Every structure is written in C-alpha cells, then in structure tokens.
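Visitor: Just dropping this structure here.
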There are 2 protein chains.
Amino acid sequence: MSEPIRIAMIGAGVFARDAHIPALVALQDRYQVVALASRTLESAQARLDLFPYPVEATNDIPGLLARDDIEAINVLLPIHVQAPILAQALRSGKHVISEKPIAPTVADGKALIEQHTSGSLWMVGENFRYQAAFMRAAEMLADGVIGRPVLANWTMYSPLNPGDTYYDTPWRRSGDFPGGYLMDGGVHWVAAFRLILGEISRVNAFATLSRDDVPPVNTLVANFTFDSGCIGNYSAIFGAAPGANYSTGLTISGSEGLMQVGFDQVTVTRGDETRTIKVSGVRNVQAELAAFADSIRNGAVHRGTPQQGLQDVAVVEALLQSADSGQSVDVERFA
Amino acid sequence: MSEPIRIAMIGAGVFARDAHIPALVALQDRYQVVALASRTLESAQARLDLFPYPVEATNDIPGLLARDDIEAINVLLPIHVQAPILAQALRSGKHVISEKPIAPTVADGKALIEQHTSGSLWMVGENFRYQAAFMRAAEMLADGVIGRPVLANWTMYSPLNPGDTYYDTPWRRSGDFPGGYLMDGGVHWVAAFRLILGEISRVNAFATLSRDDVPPVNTLVANFTFDSGCIGNYSAIFGAAPGANYSTGLTISGSEGLMQVGFDQVTVTRGDETRTIKVSGVRNVQAELAAFADSIRNGAVHRGTPQQGLQDVAVVEALLQSADSGQSVDVERFA
C-alpha cells in the first residue's frame, strides 16, 4: 500500500461539507487532508471538526500552493470565482481535481486548459460520470440490450426554496454566471446523457426565467441530436414549487426495447419481459476521488479529463445560445 | 325528445369499426345511421352486422350526398384521400363531422374551409378534446390549482408492429402524407396540450425516421413556447419495439405545484399534499358525437371547429418545418 496522498482543499462550502469531506475521510487509506483553505479563515475553521484527524485551516492560497509537502489540490469554489484560483493551482505543478463546471464558459475553460502544467494530473469532478447505475446503463446499452437507441428523454422538476441547501447558497442565484442553475445543475444531466448515449452533435432549446429569484434562467426544454442518430430531450426546472418534485430518470427507446435508468437501478423491457437491476456502489464523489487517487498512484485512466468537463459546458452553452437565437446550434467538440 | 339525426358514414375502416359505430349505436336516441359508404361495397357490407338495425351499404358517394333523407355526414377516410370527398360533403349543405386531421396540410385545410357551405355545421373530430380527464385538467389549471404553469412535458413511446391495429392499416405507413404517424397521431397530443395549456406560439424540433417501415418520419422531440409564457416538450416515437410502451402523461410544473394528467385521472401536488382525482366519462368519440348532435339539434357550442382542427395541423406542420430547417418556427394562427 502506498502512502496516502497529501491533499489540500480550496473551498469549504456545502458541497465540501456534504460530499467531499465525507468522501476523503472514507478514503483515509488513500488521502490525508493536510489543509483546508477558504476566502475567510473562519469558514475554513468551521469545517475542521468534520475530520477525524488534525487539518490546518488557512486563507493563504498562494502560500498553500507553494508548499512542498502537498501533492494534490482539490478546488471546489463558486462558479464565478473558481477560474482564477484554479488557474493558480494548475500552474503550481501539483495534481488538481476541480469541481464542475470546468469554467463558466467554453472560452474560460479553454484558457484554463492552456494554463495546465504538463506532467501533473488534472481531473474535472463530475460525480454523475461515477454514478454506478449510469456506468452500468452505458455498458448495457453498448452491449445492445435494447438494440440501437433512437429516442432518449429526461424530465426533471426540482424545487429550490428557502431552506434547501442549493437555494441557501447565495452565489448560485446571484446571476453572476451564464445560465445560472441551468449551467450549475445542467452539466450533470448533460454528462449523464453523454456517458450513456455518446456525443451530442446539435441542440435546440427554449429557456425562461420562471421565478425572479433564480436568475438569469431556470427553466429549459432542450432537444439533442446525438452522433449515433438518436435524438433526445432534456427538460428541467430548477425552482419548482415546494413539494413539486418530479423526475422520469433517463428513458431510452431502442430498436429492440426500452431502458429506464434511475440513480440506483436500470430497467430493461424487451417484448414481454422486464428486468430491473439494482445497482449499488459507493457514493459518486467517493468513487470519483478514488479514481483520482488511482490515477495519481497507479496511472489509471479516469473519466474526468478537462476535455470531458469542457464538453459538458459546451453543450449547455449551445443550449443557451439556441434559446437566445431561435436556431439549432452545432456543439463545439473537445471530447 | 327530437327525432334521431339521420346520418350517413363515409368510411368503414378500423376507427369506424372500433370507435364511431359503437358510439353511434350507443347514441341511438340521437342518431340513426342510414347508410355506410366505402370505396368498395364489400368493405361497407362487412361492417353492417355491427349495427342492431338495418343500414344500407353503398359505394355511391355522390348519390349519398344528394339524398334528401340524410341530414348529416360522418366522414372518416384515410388522410391522403379524405380531402376531396370531404369537400363534396361540405358543399352538399348537410351537417358534417369529419375525422382529424382536418387535412394533410394547412393549405389543404384552408381550402376545405373555403368549400364549406354556410348554414350547415362542420365539426372536425378530435377525440382528445373530449377526453374527460383532459377537460377536467384544463378547468383545474384555469382555476389556478397549481398557480401559473411554467413547464409542461409529455413523452410517449408507442409500439407499432405487425398485428397492431394502427400498423396493419397500410395507408398509415404509405408515406403518402407529410409527417406520417407524427401527423396522424401527433395532432391528438397537440390538441391535448392546446386544450389544457392554451395556444402554442413557437416550436423547435428534431425528427427522424428510426424504422424504415413507417415513413417519412416517426420519431420526434418538439419544444413549445405557449402564449402564456409556459414552455414545454412533446417527445414521441410511433414505432417503438414490441412491449416497449412508455408514457408519462402530461406533467405540468406550476408556480404553486405539480399537475400530472392521465387519460382517466388528474393528480395535483401542492407542498405536502397530493390529491388524485379519477375522472370517468363516456368514451371520447361518443362524447364528441353527442356534442355534434347537441349542436345540430340545440345549437350548442362544440369544441371541434374547423379552426381548432386546422390549428392542430398548423402546430404539427410547424414542427416538421423546424425539424427540416433547423430554425424555430412561429405557428400560423387560426384558433
């Protein structure tokens, strides 16, 4: 067993609290969190009791990035402020994992890729790429269990109201980055569509702001054409009324059957037979951080290249462009 | 009680057999079917034993339209041959009910409206406008049970295979009219969306032919913008694999709750409370024919004006245009 990777976290928000810190603690054999940085020392200090071992709190990010005893950096900051700090981390020569989206725009994402020091790893976190049921669905579809996919749909109505974790994060509804929740949340669903069905070549969409408090847009109907010839739709509202949750999961009509993909199961119907396969697995962020460690220590291939992360943003950006222009938009290709 | 309306049917296909004849028989107090016409005498004769009283079979349509003892005509012919015969019926001065779509194209529908003799009624059949649960949903939505609708979705995968009623009708998959099943079937769903959510102002769509045997197109993802500001998506495949049925019903995210509309129930969720209302009613074609009779005898308003039927076709035609052009299309307005 190799030494645990000495990692520092930059960002101490709700996703650090709820996902990354629990995952890193669960992976103590692979990671030792050395330091936790935030813009204010107080917000970093507030998370320290989540660790079962001593961790330093700091607000000195340049100092952190200059330390020789830190091998990897985990950057998870609000979308509109992450890019410049991520750029510093990428230039430091340390291995970096950064939260999705790679950047608020394709142009910013491309610029970050140029900042990246060769020789170190950079993984862009996208936990939906490590959702065990989605990975299983992708394999099953590739194995032809429903033949050729021809139509795919996911409709999702998600409440966002005071008291909800992702509402009470003010930056998410500040209007400070293009697409608002449709970018912040939308990249996840785009990643799942791409993982399971392959690349999206062309999109058209309408988008509205259906509630004033979640600007700039929060409601979307988006059609996709995939390279495979399959077409699809992703419809989402981030900001449904309280209690008005609804999600179909990903449903796929294939030339030989029907697949329904949920977060923890895959159901396949062919003719008179329906099979439901429960898919368990560690929580997706933990699976992702385990893959990052395996990549650092063993050179294993991971699913979160910057090009993958950039492709998710490119699709969302194309959707927003289509909603603005009223025209179908060809998606720029990076992955 | 007034005398039953003496009506003649032109068309003896599967929808006459399965829907119209049973409905007219159930409405014996309002209708007496005098004659049943078809292109061949044999196909008309083959349906006569479905009636509990004597009915004439004929293939002489001009002769039928000239008879003084017939008050109303029910035209239900294949899409690509209906228009010229419907035009004759409309010029006859008799009351006419004709099956959807009003015509294969908007231009043909407009031309038919010009043929219509004023003074007689013309109702365009669209049974989804008489689906009791849909009418109830429209009322509930107008009453504000979920506030302002902001996002609406209906995804529907429908198998069509040898042995299925609407597959074994060769004209439906002949490729002889624009849109194929997306027109023949699609107008129903468009009518339901319009009934419940109001007029559709703008659309964008992708469409493909995912199976060679159901030309010209059978698979659709279509985004809508409604006059109300609501946006929506209708995704459909006519020609899913055997057993691969899937339908979400119409789901609507509103500013105050969630509505889910099925063919026989409406479910409303607001906060912690979900109410499901079972909606029974006579079969939709029977309700429609009852409304036609009530309109003839009592001057009652019905839901099937030619302008309504034309509007459904205008939306489908706009979808097909958008799929061809890659641009959003403003829907021409008639209703």
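Visitor: Can you give the % of DSSP beta bridges in chain B that are antiparallel, to the nearest 5?
Guide: Once the DSSP bridges in chain B are tallied, antiparallel ones form about 55 percent.
Visitor: What percentage of the solvent-accessible surface of the protein assembly as shown, computed with a 1.4 Å probe over protein heavy atoms, is contributed by carbon and sulfur atoms?
Guide: 49
Visitor: Probe of 1.4 angstrom, ligands and nucleic acids ignored: what's the accessible area per residue over the protein assembly as shown, in square angstrom?
Guide: Details: 24370 Å² over 670 residues.
For the protein assembly as shown, the solvent-accessible area averages 36 Å² per residue.
Visitor: Something else now. Heavy atoms of the protein only, probe of 1.4 Å, neighbouring chains included. What is the accessible area of B:LYS94 in Å², nearest 10?
Guide: So the heavy atoms of B:LYS94 present about 20 Å² to solvent.
Visitor: Shifting gears a bit: Working with all protein chains in place, sort A:GLU114, B:GLU273, A:GLU71 by solvent-accessible area computed with a 1.4 Å probe, largest first. Spell out each step's value before the answer.
Guide: Numbers: A:GLU114 155, B:GLU273 110, A:GLU71 60 Å².
Putting A:GLU114, B:GLU273, A:GLU71 in descending order of accessible area: A:GLU114, B:GLU273, A:GLU71.
Visitor: Once amide H atoms are built 1.01 Å from N in the peptide plane, which residues 5 or more positions from A:VAL96, or in another chain, come under 5 Å H to H?
Guide: A:ILE73, A:LEU121, A:TRP122, A:MET123
Visitor: What net charge is computed for the residues neighbouring B:ALA287, neighbours being all others with C-beta under 11 Å from the C-beta of B:ALA287, Lys and Arg scored +1, Asp and Glu -1?
Guide: Values: positive: B:ARG129, B:ARG283, B:ARG303; negative: B:GLU288, B:ASP294.
Once all neighbours under 11 Å are counted, the net charge is +1.
Visitor: For the stretch B:201-260, what does the alpha-carbon gyration tensor say about shape, rounded, prolate or oblate, given a ≥ b ≥ c as the root eigenvalues, a/c under 1.5 as rounded, and a/b over b/c as prolate?
Guide: Taking the square roots of the gyration eigenvalues as a ≥ b ≥ c, the stretch B:201-260 is oblate.
Visitor: I'd like the interface area for chains A and B: accessible area of each alone minus the complex, both sides summed, 1.4 Å probe, protein heavy atoms only. What is it in Å² to the nearest 100?
Guide: Summing both sides, the interface buries roughly 3400 Å².
Visitor: To continue, here is another question. What does the accessible area of A:ARG91 come to, in Å² to the nearest 10, when a probe of 1.4 Å is used?
Guide: Per-residue accessible area (A:ARG91): approximately 130 Å².
Visitor: Now a separate question. Could you please report the charge total around A:GLN32, scoring K, R as +1 and D, E as -1 over all other residues with beta-carbon less than 13 angstrom from its beta-carbon?
Guide: -3
Visitor: Oh, and also: For the stretch B:71-147 and the stretch A:215-285, compute the distance between their C-alpha centroids and round to whole Å.
Guide: Rounded to whole Å, the Cα centres lie 36 Å apart.
Visitor: How far is the Cα center of the stretch A:1-37 from the Cα center of the stretch B:11-28, in Å?
Guide: Centre-to-centre (Cα) distance: 70 Å.
Visitor: In addition: Could you go through the stretch B:31-40 in sequence order and give the Karplus-derived ³J(HN,Hα) for each residue, using 6.51 cos²θ - 1.76 cosθ + 1.60 with θ = phi - 60°, rounded to whole Hz, and x for Gly and Pro?
Guide: 10, 10, 6, 8, 8, 10, 10, 8, 5, 10
Visitor: Report, largest value first, the span of the C-alpha coordinates of the protein assembly as shown along each principal axis, in whole Å.
Guide: That gives 101, 46, 38 Å along the principal axes, largest extent first.
Visitor: With a/c under 1.5 counting as rounded, go ahead and sort the stretch B:5-126 into rounded, prolate or oblate using the C-alpha gyration tensor (a ≥ b ≥ c being the square roots of the eigenvalues; past the cut-off, prolate if a/b is larger than b/c, else oblate).
Guide: Judged from the Cα gyration tensor, the stretch B:5-126 comes out prolate (a/c at least 1.5, a/b above b/c).
Visitor: Continuing with the same structure: Helix-derived [θ] at 222 nm for chain B: sum -39500 (n - 2.57) over DSSP H runs of at least 4, divide by residue count, nearest 500? Display every interim value, and only then the final one.
Guide: Details: 10 runs with 102 residues, N = 335.
Helices in chain B give a 222 nm mean residue ellipticity of -9000 deg cm²/dmol.
Visitor: Show B:SER255, B:SER118 ordered by accessible area, largest first, where the area counts protein heavy atoms only and the probe is 1.4 Å.
Guide: Details: B:SER255 55, B:SER118 105 Å².
From most accessible down to least: B:SER118, B:SER255.
Visitor: Does the stretch B:1-65 classify as rounded, prolate or oblate by the C-alpha gyration tensor (a ≥ b ≥ c root eigenvalues; a/c under 1.5 gives rounded; else a/b over b/c gives prolate, otherwise oblate)?
Guide: Note, shape of the stretch B:1-65 comes out oblate.
Visitor: Rounded to the nearest 0.05, what FRET efficiency is calculated for B:ASP213 and B:GLU42 with R0 set to 22 Å and r the Cβ-Cβ distance? Walk me through the numbers before you get to the answer.
Guide: Values: r = 27 Å, r/R0 = 1.23.
Computed FRET efficiency for B:ASP213 and B:GLU42: 0.25.
Visitor: Further question: At what distance in nm do the modelled label points of A:THR117 and A:ALA335 sit from each other, each positioned 7 Å from its Cα along Cα→Cβ?
Guide: Here the answer is 2.6 nm between the modelled labels.
Visitor: For peptide B:248-260, how many partner chain Cβ atoms fall within 10 Å of a residue's Cβ, on average?
Guide: Whole-number average of other-chain Cβ neighbours for B:248-260 is 5.
Visitor: Next question, about the same structure. Using alpha-carbon positions, what is the distance between the centroids of the stretch B:186-211 and the stretch B:294-319, in Å?
Guide: Going from one Cα centre to the other spans 16 Å.
Visitor: How crowded by other chains is B:266-272, given as the mean number of beta carbons from other chains within 10 Å of each beta carbon?
Guide: Rounded to a whole number, the mean comes out at 3.
Visitor: A further question follows. What is the local net charge at A:ARG173, summed over the other residues whose Cβ is closer than 12 Å to its Cβ (Lys, Arg +1; Asp, Glu -1)?
Guide: -4
Visitor: Using label points projected 7 Å from each Cα along Cα→Cβ, tell me how many nm separate A:ASP60 and B:ASP60, to one decimal.
Guide: Inter-label distance under the simple model: 10.6 nm.
Visitor: Here is a further query. 5 Å is the cut-off here: which amide hydrogens, built 1.01 Å from N in the peptide plane, fall below it relative to B:TYR246, excluding neighbours closer than 5 in sequence?
Guide: For B:TYR246, whose amide H was placed from the backbone, the distant partners under 5 Å are B:TYR157.
Visitor: Students often check this: by mean Cβ neighbours within 10 Å, which of A:233-241, A:301-309 ranks highest, and how do the rest follow?
Guide: Numbers: A:233-241: 27.0, A:301-309: 19.4.
The most tightly packed comes first, giving A:233-241, A:301-309.
Visitor: May I pose another question? Round to the nearest 10 and give me the degree value, 0 to 90, for the angle of helix A:79-91's Cα axis relative to the longest principal axis of chain A.
Guide: The two axes meet at around 60 degrees.
The values are calculated or read from the model by the stated rules, or taken from the named source; none is laboratory data. Since the structure is predicted, the reported quantities are computational estimates derived from the model, not experimental observations. A quick note on method: Cβ atoms are made from the backbone with ideal geometry, for glycine too, and the neighbour counts reach across all protein chains shown. We work out accessible area using only protein heavy atoms, side chains counted, and drop any ligands, DNA or RNA first. Shrake-Rupley method; radii C 1.70, N 1.55, O 1.52, S 1.80 Å.
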